[in-house]
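This report concerns only the one structure given below.
The values are calculated or read from the model by the stated rules, or taken from the named source; none is laboratory data. The model shown is predicted, which means the values in this text are computed figures rather than measured ones. Note that each Cβ is placed from the backbone with ideal geometry, even for glycine, and that neighbours are counted across all protein chains shown.
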Amino acid sequence: MKKEETTVLVLFHSKGGTTYKLATAIARGIEKQEGVRAVLKQVPHITLPDDLESKPFASVPYATPEELAQYDGIAFGSPIHFGSTTADMRLFLEGTLNLWSQHRLDGVPATVFMAAGGGAAREAAILSLWSTLSVHGMVLVPTGMRGAAGIDKSIAQGNTVFGTTALATMPGSERPSESELYLAELQGEALAKIAKALAPLHKTLTEPTPPAKTPEESINYVEQRLLELGLQLPVLPEPVGNYVPYTRSGNLVFINQVALKEGKVLHPGVIGQDLTIEQAKEATRQTMLNVLAVLKSATHGDLSRVKQVVQLTGFLNTPTGYTQHAGLMNVASDLTVAVFGEKGKHARAALGASSIPVNSPVEIQAVFEVE
Ligand SMILES: Cc1cc2nc3c(=O)[nH]c(=O)nc-3n(C[C@H](O)[C@H](O)[C@H](O)COP(=O)(O)O)c2cc1C
């Protein structure tokens, strides 16, 4: 399904509230970009602050590491503790190990903002988070000199080229200062722009990469076998309703086909009445070839990625009392085993139906396990 809205997470940890204020400014900046929505969440506290209930961020929902994969961009915010992030944010990031091993954050834009005291090691602190996000393959969005001309230079400000910081213990103004909030908004806007542009790309980057094949495996035995059997897969039949030719769930592919050949049903009608057993066998074979044509598309043109033919279910348009379904379905089963060998052996059901869409004499439902 096409996703129309770009969603960017603003994920923060805050104890005193300064990082939270920056986070809200980042979120405001994100939402300035048309079609981009900001979601504000916090990381769980290792130890709950005594006065948490009185904090303005007390009711902000907590994020889970797994949910990070669902966003088109993420802004990470934390207080600086000893030139790095807080232990709470670090612990949360430790929880992203599964996402890392599955490359789920590859290509997702990220930016970092931090609340400091006096600002000791603030650039190093941002870079410490950058290094974690780089390991995830995230696209880092720096602030550069964005907004530098517009800030109040009469007092110290937390601007850096990597990301906004707020100098919470600096005298001179309420912190974050107006300028720091302004910089944070610009930072959010920059992230949103890039997240919106990259959203379609990172979805393809995060698709699991098929495992590499050995040289022996890379010879496509299935294609060779099709050639030896003199089989040519038909042109992919178009769906004739509001459905798709196949669906994939995990490693399983589900396909349904009828006996269409070049846009027409091959030998339509009731088996044994409108068509002979030989014609019914031809129609069953055609249906199975259609299934294989769709399967080839589901395996991106490489049928050697089929690990197992799991199950075939044949619906045969037969009169009441008909009992020879198995003999007809053998045509589909034999074809499958001839093409895939051992991997082609499957569980099977065959049953009679009083009618089948488009007056096809047969419909086959198939389940395959693929790489
Ligand atoms: C244990 C600890 C270590 C800190 N280390 C630094 C530091 O290295 N550099 C700095 O600028 N501020 C440091 N601070 C100050 C915090 O970064 C600052 O109070 C920050 O504004 C807190 O953000 P919050 O209000 O969102 O909790 C430290 C504070 C604590 C408690």
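Residues being in a helix (DSSP H, G or I) and either within 39 Å of the chain's Cα centre (by Cα) or surrounded by 13 or more Cβ atoms within 10 Å (Cβ to Cβ) (or both): count how many of those fall in segment 131-179. I'd like the intermediate steps shown before the answer.
Residues of segment 131-179 that are in a helix (DSSP H, G or I), as a first pass: 131-135, 148-150, 178-179.
Going one step further and asking which of them are either within 39 Å of the chain's Cα centre (by Cα) or surrounded by 13 or more Cβ atoms within 10 Å (Cβ to Cβ) (or both), we end up with 131-135, 148, 178-179.
Residues in segment 131-179 being in a helix (DSSP H, G or I) and either within 39 Å of the chain's Cα centre (by Cα) or surrounded by 13 or more Cβ atoms within 10 Å (Cβ to Cβ) (or both): 8 in total.
Answer yes or no as to whether residue 261 is in contact with a helix residue (DSSP H, G or I) (Cβ under 8 Å, 6 or more places away or on another chain) and farther than 13 Å from residue 361 by Cα. Let's see the steps before the verdict.
Values: in contact with a helix residue (DSSP H, G or I) (Cβ under 8 Å, 6 or more places away or on another chain): yes; farther than 13 Å from residue 361 by Cα: no.
No; evaluated as a whole, the condition is false for this residue.
Check off (1) surrounded by fewer than 17 Cβ atoms within 10 Å (Cβ to Cβ); (2) without any contact (Cβ under 8 Å) to a residue 60 or more places away in the chain for residue 103 and give me the number that stays unchecked.
Every condition holds for residue 103 apart from (2).
Just checking, does segment 64-74 include any residue being closer than 16 Å to residue 132 by Cα and not in a helix (DSSP H, G or I)?
Scanning segment 64-74, I find at least one residue that is closer than 16 Å to residue 132 by Cα and not in a helix (DSSP H, G or I), so the answer is yes.
Give me the pairs: first residue in segment 120-146 and in the same structural domain as residue 98 (by TED's automatic domain parsing), second residue assigned to a helix (DSSP H, G or I), beta-carbon distance under 6 Å, and six or more apart or on different chains, which are they?
Close Cβ pairs (under 6 Å, with a partner that is assigned to a helix (DSSP H, G or I)) amount to 132/93; 136/100; 140/130; 141/190; 141/191; 141/194; 143/187; 146/186.
Given the structure, is residue 95 surrounded by 22 or more Cβ atoms within 10 Å (Cβ to Cβ), assigned by TED's automatic domain parsing to the domain that holds residue 167 and either within 27 Å of the chain's Cα centre (by Cα) or over 18 Å from residue 183 (Cα atoms) (or both)? Even if it seems obvious, please write down each step before you answer.
Working: surrounded by 22 or more Cβ atoms within 10 Å (Cβ to Cβ): no; assigned by TED's automatic domain parsing to the domain that holds residue 167: yes; either within 27 Å of the chain's Cα centre (by Cα) or over 18 Å from residue 183 (Cα atoms) (or both): yes.
Answer is no for this residue.
Output yes when any residue across segment 348-360 is crowded, with 18+ Cβ neighbours inside 10 Å, in the same structural domain as residue 303 (by TED's automatic domain parsing) and touching a residue at least 60 places away in the same chain (Cβ under 8 Å), and no when none is.
yes
I'd like to know if segment 64-77 contains one or more residues that are in contact (Cβ under 8 Å) with a residue 40 or more places away in the chain, farther than 15 Å from residue 8 by Cβ, hydrophobic (A, V, I, L, M, F, W, C) and within 16 Å of the ligand (Cβ to nearest atom).
Scanning segment 64-77, I find no residue that is in contact (Cβ under 8 Å) with a residue 40 or more places away in the chain, farther than 15 Å from residue 8 by Cβ, hydrophobic (A, V, I, L, M, F, W, C) and within 16 Å of the ligand (Cβ to nearest atom), so the answer is no.
Just name the residue that is nearest to the chain's Cα centre (by Cα) out of those in segment 11-40 that are more than 16 Å from the ligand (Cβ to nearest atom) and assigned to a loop (DSSP other than H, G, I, E, B). First the steps, then the outcome.
Just the residues of segment 11-40 that are more than 16 Å from the ligand (Cβ to nearest atom), to begin with: 28-39.
The next check asks that each one be assigned to a loop (DSSP other than H, G, I, E, B); those that pass are 33-35.
Working: 33: 23, 34: 23, 35: 20 Å.
Step by step, filter segment 11-40, then rank; the result is 35.
Filter segment 118-162 for residues that are in contact with a Phe, Trp or Tyr (Cβ under 7 Å, 6 or more places away or on another chain) and within 14 Å of the ligand (Cβ to nearest atom); which is nearest to residue 102 (Cα to Cα)?
Filtering first and then ranking leaves 129.
Of the conditions (1) surrounded by fewer than 19 Cβ atoms within 10 Å (Cβ to Cβ); (2) under 20 Å from residue 188 (Cβ atoms); (3) more than 12 Å from the ligand (Cβ to nearest atom), residue 56 satisfies every one except a single condition; which number is it?
With respect to (1) surrounded by fewer than 19 Cβ atoms within 10 Å (Cβ to Cβ); (2) under 20 Å from residue 188 (Cβ atoms); (3) more than 12 Å from the ligand (Cβ to nearest atom), residue 56 is out only on (3).
Please work out which residue is surrounded by the most Cβ atoms within 10 Å (Cβ to Cβ), limiting yourself to segment 272-292 and to residues that are of a type in the set (A, V, I, L, M) and closer than 17 Å to residue 313 by Cα. Spell out how you get there, then give the answer.
Just the residues of segment 272-292 that are of a type in the set (A, V, I, L, M), to begin with: 275, 277, 280, 283, 288-289, 291-292.
Restricting the remaining residues to those that are closer than 17 Å to residue 313 by Cα gives 280, 283, 288-289, 291-292.
Numbers: 280: 26, 283: 28, 288: 25, 289: 20, 291: 26, 292: 24.
Across segment 272-292, the extreme among qualifying residues is 283.
I'd like to check something: does segment 81-94 contain any residue that is under 21 Å from residue 20 (Cβ atoms) and more than 16 Å from the ligand (Cβ to nearest atom)?
Yes, there is a match, as at least one residue in segment 81-94 is under 21 Å from residue 20 (Cβ atoms) and more than 16 Å from the ligand (Cβ to nearest atom).
Can you run down the residue pairs with Cβ atoms below 7 Å, 6 or more apart or on separate chains, where the first is in segment 223-240 and under 16 Å from residue 297 (Cα atoms) and the partner is among the aromatic types (Phe, Trp, Tyr) and in a loop (DSSP other than H, G, I, E, B)?
none
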